[in-house]
Amino acid sequence: MNTKILQNTKENIELVAKVIKNGGVAAFFTETVYGLGANALDMGAIKKIYEIKGRPSDNPLIVHLDCVSKIDEYAVTTDLAKAVIKAFMPGAVTIVLDKRDIIPYEASGGLETVAIRIPKSGLARELIRHSGVPVVAPSANTSTRPSPTKASHVLDDLDGKIEFILDGGDCEIGLESTVLDCRGETVKVLRLGGLGVEEIETAVGKAEIVGFDGGAVRSPGQKYKHYSPNAKVVWYHNGDEEQLKRLKSEYDDYIVLNGMDNMEAIENYARELFAVFRAADKAGVKVIICELCIDKGLGRAVNNRIKKAAGNKV
Ligand code: TXA
Ligand code: MG
């Protein structure tokens, strides 16, 4: 199969929507990372996604919708979910709720819950709207590789395995969505991501971070190796020059990524992190020494991805 990168035009959106509607798989831009989309109600199409990515079948997929008013068709909304939806959707957030029967277990990884996201990207929402179905979409990388933040990253991983990549340029956020369990009274953060925990707490009250840091695994994705370049990733604490010196003396062939302590710079770091991982692999770099960011806002998600890429169970 010849994989084509398609520019953002009305005809191309309709073409890719038709592929998804008819049981095929295609990659598309979202503002977080590129997704690999299929009809969420078609079990055969969902199977193809797992095959193409080489993803374990107990790791559930996110169901993407084009508008807030459709959430109730696929999930049982709670008061807490309503507050999160009002404050942050569309956006870089995914909510986990009890699923309705229409969602097949193939999509939910056998769970009774379903993860729902509405991208902010107008291109992604147009595509979903034209497909006329809910769209499951994991990140469009081969399992364990860094998520793709450019169409060319998708091509690097999936060339020959899918027909189309709908190109929307570089992803503005560059990290995956924040995953929130909204079934209870308070929000549980299952995966740190593009929406900061502080912002969530300001809007809907205390958020407990449960998806990592040695806590019980509640989001199946947390137990797998993730976001890894071929290069070895090591990290040091923000501003710790001693630790940096020690790491530099341990390795010969390395690059250093400087962590950030102001929010605007952290946004740039987040946007570029996976692209730098991939570029380092292409250049044959052996070791990537990453300085952590300050542990606030998007910085927390950046630190989480760096530690995971380093093989830490965070
Ligand atoms: O930004 C994003 O979320 C991107 C774009 C394409 O939307 N998608 C993405 O999907 O990152 P994926 O499949 O790479 O990651 C989905 C995460 C996994 O950690 C998975 O375990 C978790 O969401 N998840 C999905 N359904 C869940 C559920 N029912 N309960 C708990 N966690 C769930
Ligand atoms: Mg992924």
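Rounded, prolate or oblate: pick one for the range 4-209, where a ≥ b ≥ c are the square roots of the eigenvalues of its C-alpha gyration tensor, a/c under 1.5 means rounded, and failing that, prolate if a/b is larger than b/c, else oblate. Can you show the working numbers first?
Working: a/c = 1.63, a/b = 1.45, b/c = 1.13.
It is prolate, given that a/c is not under 1.5 and a/b is the larger ratio.
Got a sec? Charge dipole of the range 232-309, +1 on Cβ for Lys and Arg, -1 for Asp and Glu; which of Phe274, Gly239, Met260 is way out at the positive end?
About the Cα centre, the residue reaching furthest to the positive side is Phe274.
Tell me what the chain gives for mean residue ellipticity at 222 nm when only DSSP H runs of n ≥ 4 count, each as -39,500 (n - 2.57), the sum divided by the residue total, rounded to 500 deg cm²/dmol.
Values: 11 runs with 109 residues, N = 314.
Computed ellipticity for the chain at 222 nm equals -10000 deg cm²/dmol.
Return the single residue from Ile209, Ile46, Ile288 with maximal mean-square fluctuation; model: Gaussian network over the chain, springs between Cα atoms under 10 Å.
Sorting by GNM fluctuation, first place goes to Ile209.
Comparing Val33, Val233, Val114, which has the greatest mean-square fluctuation in the GNM of the chain with Cα pairs linked when under 10 Å apart?
Val233
So, R0 is 35 Å and r is the distance between the beta-carbons of Glu250 and Tyr105; what FRET efficiency does that work out to, to 0.05?
On the way: r = 47 Å, r/R0 = 1.33.
E(calc), rounded to 0.05, equals 0.15.
How do Leu247, Leu97 rank when sorted from fewest to most other Cβ atoms within 10 Å of their own Cβ?
So the residues, fewest neighbours to most, are Leu247, Leu97.
Express in whole angstrom the spacing between the alpha-carbon centres of the range 283-309 and the range 86-152.
Each part's Cα centre sits 25 Å from the other's.
What percent does the relative contact order of the range 236-314 come to when contacts are Cα pairs within less than 8 Å and at least six residues apart?
36 percent
Farthest toward the dipole's positive end in the range 1-132, which of Gly91, Leu15, Leu111, given Cβ charges of +1 (Lys, Arg) and -1 (Asp, Glu) about the Cα centre?
Projecting each Cα onto the dipole axis, the largest value belongs to Leu15.
How would you rank Glu163, Glu250, going from fewest to most other Cβ atoms within 10 Å of each one's own Cβ?
Glu250, Glu163
Cut-off 10 angstrom, C-alpha nodes, Gaussian network model of the chain. Which of Ile165, Ile62, Ile294 fluctuates the most?
So, out of Ile165, Ile62, Ile294, the one fluctuating most is Ile294.
Between Asn258 and Lys47, what length in nm is gained on full extension when 0.36 nm per residue of separation is reduced by their alpha carbon distance? The partial results should precede the final answer.
On the way: separation 211, 0.36 × 211 = 75.96 nm, distance 3.99 nm.
This chain segment gains 72.0 nm when fully extended.
As a footprinting exposure proxy, order Leu244, Leu155 by other Cβ within 10 Å, with the fewest listed first. List each step's numbers first, then the result.
Numbers: Leu244 16, Leu155 19.
Sorted ascending by nearby Cβ count, the order is Leu244, Leu155.
Mind scanning Lys53/Lys188; Lys161/Lys232; Lys48/Lys307; Lys48/Lys82; Lys188/Lys296; Lys282/Lys307 and naming the pairs with a C-alpha gap bigger than 23 Å?
Those over the limit are Lys53/Lys188; Lys161/Lys232; Lys48/Lys307; Lys48/Lys82.
Report the relative contact order of the chain, percent, no decimals, based on alpha-carbon pairs under 8 angstrom and at least 6 residues apart.
Relative CO of the chain lands at 20 percent.
For a quick check: with amide H placed at 1.01 Å from N, whose amide H comes under 5 Å from Ile209's, ignoring anything fewer than 5 positions away on the same chain?
Excluding prolines and chain starts, which carry no amide H, the hits are Val189.
With both bridge residues required to lie in the chain, what share of the DSSP beta bridges run antiparallel, to the nearest 5%? Can you show the working numbers first?
Values: 18 of 42 bridges.
Counting only bridges with both partners in the chain, antiparallel ones make up about 45 percent.
Values in this text are rule-based calculations from the coordinates and carry no lab data. A quick note: this is a predicted structure, and the numbers were derived from the prediction, not measured. Cβ sites come from the backbone with ideal geometry, for glycine too, and all protein chains shown count toward neighbours.
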